[in-house]
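Everything below concerns the one structure shown next.
The values are calculated or read from the model by the stated rules, or taken from the named source; none is laboratory data. Everything numeric in this text was worked out from a predicted model, so none of it was measured. Counting neighbours? That spans all protein chains shown, and the Cβs are built from the backbone with ideal geometry, glycine included.
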Amino acid sequence: MLDNTRRFTGRAADYDQYRERYDASIVLPRLREWCDLTPDWLIADIGAGTGMLADIFLANGNSVFAVEPNAEMRRACILLHPGQHLLQVVDGTAEATTIAAHSIDLVCCGRAFHWFDVDQAMAEARRILRTDGWFVSVAFGRADDALDANLAIEALLRSMTSSGNSTRDAYAKYARLPEFLVRDYRQEQIEGAMLLTWPELLGLMRSLSHSPLPEDPRFPEFEGRLRDVFSRYAVEDRITLATRYWINVGRF
């Protein structure tokens, strides 16, 4: 089993090019309404990857600590934000961010949350937050069960795991958020869809930690089976996958 901090080694380029982008027009209005988010807040984006969720807050004028344990992802984040003085990329984990205690107005995490040790990560978030600071989880990506194409891709990815379990088993961690966010908790799910060409689908799948990398002996089989899924469900050379935002907001 890979250490979770190394799951995305070799995937940074595909991650940046093909992963679903967070939409500022969806995220920011909700945080302004629910949390009274303002540009002067200091943000800590935990498990920041290449900085996609951080970009939402940078667009709002916030200063952001992008905390990322994977060296390749940190390098990509730095290269993708040249001259961005509001962003500081930090070598740290969700469980040990290295950020000073009680210094942050809002701790956020995106798709990385399900890789965290939840109890330790939430204790660390509470440590670095100011009094009455906010915790925000913005999970966004393909849904696992909304369309036949989604189901086919989930089955393919499951066959690539060592256990054969669902690639979404770790998502049960999100259900624990109300256990920690005992004040001002809000949660909303937003359904959507994305249309992908074959290169875009392949790139998206290569960015996922459960997919074999191109140098893996299983990759040719994986690519062939994924091409079969695309051929089965594509219309006018594009496949439609259902997506879902799952936004959780609250205070400790």
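Worth a mention:
- The lone exception for TRP246 - which of (1) under 24 Å from VAL107 (Cα atoms); (2) of a type in the set (Phe, Trp, Tyr); (3) modelled with pLDDT of 95 or more it fails: (3)
- Residue tally, condition closer than 19 Å to PHE8 by Cβ and outside any strand (DSSP E or B), over region 106-122: 9
- Restricting region 84-96 to residues that are under 14 Å from ARG74 (Cα atoms) and assigned to a loop (DSSP other than H, G, I, E, B), the residue that is nearest to the chain's Cα centre (by Cα): THR93
Each row is one residue, and each column tells you yes or no for (1) under 30 Å from ASP132 (Cβ atoms); (2) not charged (D, E, K, R).
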residue: ALA152; (1), (2): no, yes
residue: ASP184; (1), (2): yes, no
residue: GLY203; (1), (2): no, yes
residue: PHE252; (1), (2): yes, yes
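- Matching residues, region 169-194, being over 19 Å from the mean Cα position of the chain (by Cα), loosely packed, with under 14 Cβ neighbours inside 10 Å and outside any helix (DSSP H, G or I): VAL182, ARG183, ASP184
- The residue that is nearest to GLY49 (Cα to Cα), counting only those in region 136-152 that are out of contact with any helix residue (DSSP H, G or I) (no Cβ under 6 Å at 6 or more places or on another chain), in a helix (DSSP H, G or I) and touching a residue at least 12 places away in the same chain (Cβ under 8 Å), is ASN150.
- Beta carbons closer than 8 Å, at least 6 apart along the sequence or on distinct chains, pair a first residue in region 94-109 that is surrounded by fewer than 22 Cβ atoms within 10 Å (Cβ to Cβ) with a second that is among the basic types (Lys, Arg) for ALA101/ARG127; HIS102/ARG127; HIS102/ARG130; SER103/ARG130; ASP105/ARG130.
- Looking across region 15-40 at every residue that is out of contact with any helix residue (DSSP H, G or I) (no Cβ under 7 Å at 6 or more places or on another chain) and among the aliphatic types (A, V, I, L, M), the one that is nearest to PHE135 (Cα to Cα) is identified as LEU31.
- Pairs with Cβ under 8 Å, 6+ apart, first in region 234-248 and assigned to a loop (DSSP other than H, G, I, E, B), second surrounded by fewer than 17 Cβ atoms within 10 Å (Cβ to Cβ) and hydroxyl-bearing (Ser, Thr, Tyr): ASP237/THR197
- Restricting GLY203, GLY224 to those that are part of a helix (DSSP H, G or I) and surrounded by 15 or more Cβ atoms within 10 Å (Cβ to Cβ) reduces the list to GLY203.
- Matching helices (runs of 4 or more DSSP H) fully within region 1-71 where at least 1 residues are touching a residue at least 12 places away in the same chain (Cβ under 8 Å) and more than 17 Å from the chain's Cα centre (by Cα): 24-35, 52-59
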